[in-house]
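Encoded as structure tokens, the structure appears first; notes follow it.
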């Protein structure tokens, strides 16, 4: 009998992708499952997941799964207004946080999901444009 490995991570990532894609505050923003294709001016990329599974205290067939999804929120603007880029990148993070607060189980795919700390801001400049990228983690737990 072949062994299989089950995780809620793909279902959670897909549910978050769909929920963010439906948010009015993210109209015009590319929300990608993985790295975005092309060169979007604003994007939220749901990327890598790291986590673990531990056998639950009751019953050897149940496991507690915990993982963190890495998310990049990026804004690119022509000109030299770095502050505008940075503020908009944090506004994208705010949309994610609002979605998680209103849908903490992400449509039942996890027990609880929330933003984690620390976050990271990176700012880039060229002669003609500015970019801000805020990297955050979303932690999720579930019993499987």
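The values are calculated or read from the model by the stated rules, or taken from the named source; none is laboratory data. Here the structure is a predicted model, which means the values were calculated and not measured. Every residue, glycine among them, receives a Cβ derived from its backbone with ideal geometry; neighbour counts consider all protein chains shown.
Taken over the range 39-62, the criterion of being in contact (Cβ under 8 Å) with a residue 40 or more places away in the chain and loosely packed, with under 15 Cβ neighbours inside 10 Å is satisfied by 56, 62. Against the test of being more than 13 Å from the chain's Cα centre (by Cα), in contact (Cβ under 8 Å) with a residue 12 or more places away in the chain, on the phi < 0 side of the Ramachandran plot and loosely packed, with under 13 Cβ neighbours inside 10 Å, the options 123, 78, 65 yield a single qualifying residue, 78. Here residue 64 meets each of (1) assigned to a helix (DSSP H, G or I); (2) closer than 17 Å to residue 105 by Cα with one exception, condition (1). Scanning the range 126-135 for residues that are touching a residue at least 24 places away in the same chain (Cβ under 8 Å) and loosely packed, with under 13 Cβ neighbours inside 10 Å yields a single hit, 128.
Taking the criterion of being within 17 Å of residue 136 (Cβ to Cβ) and in a loop (DSSP other than H, G, I, E, B), the residues of the range 89-113 that qualify are 103, 104, 106, 110.
Restricting to the range 21-38, name every residue that is surrounded by 10 or more Cβ atoms within 10 Å (Cβ to Cβ), free of Cβ contacts under 8 Å to residues at least 60 places away in the same chain and assigned to a helix (DSSP H, G or I). Correct list: 21 only.
Only one entry in 70, 109, 86, 105 is closer than 14 Å to residue 124 by Cα and surrounded by 14 or more Cβ atoms within 10 Å (Cβ to Cβ), namely 86.
Examine the range 43-58 for a residue that is out of contact with any strand residue (DSSP E or B) (no Cβ under 7 Å at 6 or more places or on another chain) and part of a loop (DSSP other than H, G, I, E, B), and state whether such a residue exists. Yes, because at least one residue in the range 43-58 is out of contact with any strand residue (DSSP E or B) (no Cβ under 7 Å at 6 or more places or on another chain) and part of a loop (DSSP other than H, G, I, E, B). When the range 1-20 is limited to residues that are more than 20 Å from residue 54 (Cβ to Cβ) and loosely packed, with under 15 Cβ neighbours inside 10 Å, the one that is modelled with the lowest pLDDT turns out to be 1.
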